[in-house]
Every structure is written in C-alpha cells, then in structure tokens.
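Worksheet for the structure shown next.
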Amino acid sequence: MKTLKSKIFIFSFLGCALLIILLSACSLYFILSGMPPVYELEEYTPSLTTKLFDKNGKLIYEFSVEKRQMVPLDEIPVDIQNAVISMEDRNFFNHGGFSLKAILRALVNDVLLGKAAQGGSTLTQQLSRGVFLTKEKKIIRKIREIFLSVQIEKLFSKQEILKLYLNEIYLGEGAYGVKAAAKKYFDKDLSELTLGESAMLVGIIPLPSRYNPFANPEMAKTRRALVLNSMVETGFINKEEADKAKEEPLPKRSVSADKPGLYFIEYVRRILEPKYGVETFWKGGLNIYSTIDIDKQEKAEEIMNAKLH
C-alpha cells in the first residue's frame, strides 16, 4: 500500500513538474515570439532631417518629422559621454546588456512605492526599447528588453552602442539625438558645448517634457546640478569644475521672426516631395542646394515689409 502511494506521489510530482515546464516554455515562447531580429540594428536608419541650403552653402531651412542628425562618437563631447554613463549606467563597460542588481533594486523600490516608478535599465536596454519596443512598463516588455539587450551586446561594441544611444535618445522639443538637442536648446554645434550645457542635456533624458530648460528652468537647473554631482562622484570632473558649471546661465527660447524665403522654401518642397516621395523627402536626411541668396532675400523682404506698412 505504501509502495502504491509512493508511486502515485512520484507520478503526481513528475506530472506537476512537467506541467510547470510546459507552461514555462509556452510563456517564454509567447514572450519571445514576434521580437525583431537584432541584426536589423546594423542597417537601422532613423528619421533624419532634410536640409535646404542657399547658393552660398548657408543653411536656410530643415524639413523633418523628427529633428535628428546622426554623428559619429568622436564628434560627441567627452563630457556628454561621461555624463550619460555617470547618470544612466555607471557599469556600462562591464555588464553584458543588463544589470541584475539594478533590476532587483528597482523592483524593491517599485514594491515599496506600490507602482512602477524606477526602471533599472542599462543604456543597452534603453536603446533596445527606443528602437524596437515601447516605453510601456510591463513585465513582458521588460523580459523582451533584456533578451534584446544581450543580443545587442554580442553584435556591437560598447562604443557602437553608446553612439547609437546618443543619436537615438529623445531630448524634448522635437529633438532626437544630442546634436539636434544642442542646436535646439543652445543654438550651438556639439563641439561648442560647455560642461554645464552637456550636463543639462543629459539631465533631460529621463523626462524631457518636464526637465527641459524651456518647459521648467528651475527643474532643469536642479537636474544639471544632479548630473554634475554624479560626475564628481565617478571621478570624471572635480568639484571646482562642477561648481563653475552650475553657475552657467540657462538657455532661453528665442523669439524669432518668420524665416525669410518661405515662399521659395514651399516652392522647393512642392517640386521635390513628389519627385523623391514623402518618406525620403521628410526622413531621408537629404541635402538640397538651391539658387537663392538668403541674405539678399532677407533684405528684400525687409524693404518690402517696410513699404507695405
């Protein structure tokens, strides 16, 4: 009798174990099914800005859905690279795509707060989410994010991942990538940015709508200080450099008049959009060289407006 009971117990245990394995396998298949192949990142082409130049090579207008300009890593200031590693992923050069410690820490914080508040994502996870997934906080998305991140780490070097991240990240005000953001907030090229300006851009990353200096100057200032303090902690800068950068003035939204040559700009669009197609024209990063002299056009419009008024 005992032998029969033992056999029943063993078969029941094995049946439950098999059922758990099958359910786990089905769940894993469901989670991973439909995930995009990571090799597509090698041919990843984000939406780029199409630029219109005048006869002297002066930029007069940009056609874009997303304001973005791709740049190689060596053109991105070291201060931006160090700041983003310091704030977003201090273990970036050591992990294989995800940090179990960061995930567990975020999970504990979420449980204590009673909501999904902290992500615990590495730069690689943020990149995989930005390119392939959504920002919706769900367990399935998180698991997919981790799997994609591990694959990305196997296919790309850390430098390539960092370059893609800094060109992909959304920084508010329609600016995607650090080059477009530098132009949007400071009207500068990347090479001209100060330490404080670099820190401010990185401070925007978690919540661009709230932390950007145009929307919330005081919050942007607080975030800049947080980034600079973090850079001091990680040894990228010293306290004196941080204190000096904290005193830099905040950027202000410029109030500009209508751009000169708007009729000509619209004329160019009407000719080239049908010729190259909407997708290529608005997202292809074309460079269009025209016959107009924008400085003379601006003076002509000023004279005309003065006469009309």
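Go through 90-99, 164-173, 203-212 and give me the packing order, highest mean Cβ count within 10 Å leading.
164-173, 203-212, 90-99
Can you tally the net charge around Lys244? Count Lys and Arg as +1, Asp and Glu as -1, for every other residue whose Cβ sits under 15 Å from the Cβ of Lys244.
Summing Lys/Arg as +1 and Asp/Glu as -1 gives -3.
For Glu66 and Lys307, what does the FRET efficiency come to when R0 = 25 Å and r is the distance between their Cβ atoms, rounded to the nearest 0.05?
About 0.05, to the nearest 0.05.
If packing is taken as the average number of other Cβ atoms within 10 Å across a peptide's residues, how do 142-151, 291-300 rank, most packed first?
142-151, 291-300
Do any of Lys58/Lys154; Lys183/Lys246; Lys184/Lys244; Lys252/Lys283 go past 32 Å between their Cα atoms, and which?
Pairs exceeding 32 Å: Lys58/Lys154.
Under a point-charge model restricted to the Cβ atoms of Lys and Arg (+1) and Asp and Glu (-1), what is the dipole moment magnitude of region 197-309 relative to its Cα centre, in debye to the nearest 20?
Charge dipole of region 197-309: 300 debye, to the nearest 20.
Beta carbons within 10 angstrom, averaged per residue: use that to sort the peptides 265-276, 48-59, highest first.
Highest mean packing first, the order is 48-59, 265-276.
Throughout, read-outs are computed from the coordinates displayed, never taken from laboratory work. Everything numeric here is computed off the predicted structure, so don't read it as measured data. Please note: Cβ atoms are built from the backbone with ideal geometry, for glycine as well, and neighbour counts cover all protein chains shown.
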